[in-house]
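The values are calculated or read from the model by the stated rules, or taken from the named source; none is laboratory data. A quick note: this is a predicted structure, and the numbers were derived from the prediction, not measured. Here the Cβ positions follow ideal geometry from the backbone for every residue, glycine too, while neighbour counts run over all protein chains shown.
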Amino acid sequence: MLNLAAGARVVTDPVTGRGTLITSDSSVWTLNPTAAVALTELANGGTVNGAEEELARRWPDIPAATLRADLDTLLAELQAAGVVTR
């Protein structure tokens, strides 16, 4: 299971859907709407599969394989940076 690193939080603008990820060391990541949805799901105790399902619900015209590949890329980058942990 993947989680946001301790002290990290996601803030989302309800109008634009864009988000900001703030880490415990005060690093700031600007998130597009899909990244904001995925990380909010994880921040709320959800799973990667739950994030994938939420992305598919919000963007039904995007092929599931594309959504999953983009999600996997996002999470791998954040895990490499220590922002997402197992």
Pull up region 1-10, narrow it to residues that are surrounded by 14 or more Cβ atoms within 10 Å (Cβ to Cβ) and either among the small types (Gly, Ala, Ser) or modelled with pLDDT of 90 or more (or both), then point me to the one that is nearest to residue 76 (Cα to Cα). 5
Kindly indicate the residue of region 11-33 that is free of Cβ contacts under 8 Å to residues at least 60 places away in the same chain and among the hydroxyl-bearing types (Ser, Thr, Tyr) and also surrounded by the most Cβ atoms within 10 Å (Cβ to Cβ) among those meeting that condition. 12
Search region 61-79 for residues that are closer than 14 Å to residue 49 by Cα and pair each with any residue that is of a type in the set (Asp, Glu) and surrounded by 13 or more Cβ atoms within 10 Å (Cβ to Cβ) when their beta-carbon atoms are under 6 Å apart and the residues are at least 6 apart or on different chains. 68/52; 71/52
Looking only at region 41-86, how many residues end up being assigned to a helix (DSSP H, G or I), of a type in the set (Asp, Glu) and either over 12 Å from the mean Cα position of the chain (by Cα) or under 16 Å from residue 10 (Cβ atoms) (or both)? 4
Could you please tell me which pairs satisfy a Cβ distance under 7 Å, a separation of 6+ or placement on different chains, a first residue in region 36-50 that is charged (D, E, K, R) and at pLDDT 90 or above, and a second residue that is in a helix (DSSP H, G or I) and buried (at least 21 other Cβ atoms within 10 Å of the Cβ)? 41/51
